[in-house]
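Reviewing the structure listed below.
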Amino acid sequence: MSRPLRPGASNWRRAATVVLAAGWPRWVPAAPSRPPLPAEGFRLLLLERSGKQNFLPGAHVFPGGVMDAADRSSDWLRLFAPHHWPPRFGLGPAPPQRVVFPGLSDSLARAVDGDAGALPDDVAFRICAIREAFEEAGVLLLRPRGPLAAEREPGLALAPSLDLADWRSRVRRDAQHFLRLCAHLDCTPNIWALHNWSGWFTPFRNSDTLRFETMFFLCCLREPPQVLSDSGEIVNCQWLSPLEATESFLSEKVWFAPPQFYEIRRLENFSSLSDLHRFCVDRELEGAESWLSILLITADTLIQLLPGDEMYVEDAHYLENTLVTEKKSEDITKEGKRWHRIVINGWHDYDIHVTVQSKYKHIYPKSFVASKSRL
């Protein structure tokens, strides 16, 4: 269970998510003279949230959750020493800082603990995502303490030990136990295996909405680790390829919130784990592009407008307001040419329209229309 960084200071909460992409060999028939050769592919770890949860009940999500004050604690410095020191802990040069939306930084500042000894955001967000992967799925993204080796290939999760169930219970009760677990195993969170991927800020819907600044990281693993749901917040786990995840969504076997669906569609651009991993490593210095979508309420749908869309308005007024029109979504689409939007037609009916050029060496999903994909 996580403690907010500064309770009551803001309706914003900081959160982190790790998209686990694991190699998933698909065996093909072999000639008699040689052994079977795997066709390289990857699948994503998707967790089903309990229907009793207040936030996204029943949704399938990537491992992640709200940042705890313990994730930023300066107590981590002793565990990372003597090989990794502030300010970057071996993560390389700092990515460029970009303004996400006018006025947003002031709102976020009220939600962050001002501890001068706290870890930098790049490290704290990663520790949060790694801790949540352990809490929710029992996956240990840790590495033995010591100097960093130059690794250019996907790694492995740490093999689970027999007493992990007890540790998971402790960490769920108090996130400070995660640091104690790492010290017990003589390991550090493998922050270097988590690559900047994206950032999503909850759009304004109404004044009661709890909003999140969520950083998405991508972690490539050579093979899928053992996964165990926590039987509380998480009731089921499965590994699906991006295509399988899309098909399961359209057939109403799973449900994704719009950001998760967008990221799954984005990941369908990659045909192999090695291509995905190489892409992450090559663009590491660019950092994550973070977005605050603006909600457009039409006569028949809800549209999330993303930066670059011709209807997206960079105005602080829309930090806490929506756009409204009496037009139908189809008419709005016909009138425009520069799109970057998610059209929410129904629970299992999303369209993604992208005609803008991606930035910062990243890649956007191809345009997707759910009704056509079902044909």
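The values are calculated or read from the model by the stated rules, or taken from the named source; none is laboratory data. It should be emphasised that the depicted structure is a prediction, and the values quoted were computed from it without experimental measurement. Heads up, the Cβs are rebuilt from the backbone with ideal geometry, glycines too, and the neighbour counts pull from every protein chain shown. Ligands, DNA and RNA are stripped out before the accessible areas are found, and what is left, the full protein with its side chains, is counted by its heavy atoms. Shrake-Rupley method; radii C 1.70, N 1.55, O 1.52, S 1.80 Å.
Numbers below:
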| item | result |
| --- | --- |
| Those residues of the range 241-283 which are open to solvent by 10 Å² or more (accessible area, probe 1.4 Å), assigned to a helix (DSSP H, G or I) and among the basic types (K, R), in sequence order | R265, R278 |
| Members of the range 325-375 that are exposed (fewer than 13 other Cβ atoms within 10 Å of the Cβ) and hydrophobic (A, V, I, L, M, F, W, C) | W347, I363, L375 |
| Residues being in a helix (DSSP H, G or I) and of a type in the set (F, W, Y) - total across the range 284-332 | 1 |
| Residue in the range 308-319 that is open to solvent by 20 Å² or more (accessible area, probe 1.4 Å) and hydroxyl-bearing (S, T, Y) present | yes |
| Any hit, the range 289-307, residues being surrounded by fewer than 22 Cβ atoms within 10 Å (Cβ to Cβ) and closer than 30 Å to W24 by Cα | yes |
| Residue list for the range 52-70, restricted to those being touching a residue at least 60 places away in the same chain (Cβ under 8 Å) and in a loop (DSSP other than H, G, I, E, B) | Q53, F55, L56, G58, A59, F62, P63, M67, D68 |
| Lone qualifier among D106, D122 - being out of contact with any strand residue (DSSP E or B) (no Cβ under 9 Å at 6 or more places or on another chain) and either hydrophobic (A, V, I, L, M, F, W, C) or open to solvent by 30 Å² or more (accessible area, probe 1.4 Å) (or both) | D106 |
| Flag if D275 is among the charged types (D, E, K, R) and in contact (Cβ under 8 Å) with a residue 60 or more places away in the chain | no |
| Yes/no for L91 being outside any loop (DSSP other than H, G, I, E, B) and modelled with pLDDT of 90 or more | no |
| Failed condition for P82, given (1) in contact (Cβ under 8 Å) with a residue 40 or more places away in the chain; (2) in a loop (DSSP other than H, G, I, E, B) | (1) |
| Residue check for F217: among the hydrophobic types (A, V, I, L, M, F, W, C) and in a strand (DSSP E or B) | yes |
| Selected residue [within 30 Å of K359 (Cβ to Cβ) and either in contact (Cβ under 8 Å) with a residue 24 or more places away in the chain or not polar (S, T, N, Q) (or both)] from A129, A149, A159 | A129 |
| Selected residue [touching a residue at least 40 places away in the same chain (Cβ under 8 Å), more than 25 Å from E153 (Cα to Cα) and of a type in the set (G, A, S)] from A288, A299, A257 | A257 |
| Every residue from the range 222-240 that is in contact with a helix residue (DSSP H, G or I) (Cβ under 8 Å, 6 or more places away or on another chain) and open to solvent by less than 30 Å² (accessible area, probe 1.4 Å) | D230, I234, L240 |
| Hits in the range 143-167 - residues which are surrounded by 20 or more Cβ atoms within 10 Å (Cβ to Cβ) and farther than 18 Å from F62 by Cα | R143, P154, W167 |
| Top-ranked residue in the range 187-213 [being more than 18 Å from the chain's Cα centre (by Cα) and at pLDDT 95 or above; ranked as surrounded by the most Cβ atoms within 10 Å (Cβ to Cβ)] | T188 |
| Any hit, the range 29-45, residues being open to solvent by 40 Å² or more (accessible area, probe 1.4 Å), modelled with pLDDT of 90 or more, within 28 Å of L142 (Cα to Cα) and part of a helix (DSSP H, G or I) | no |
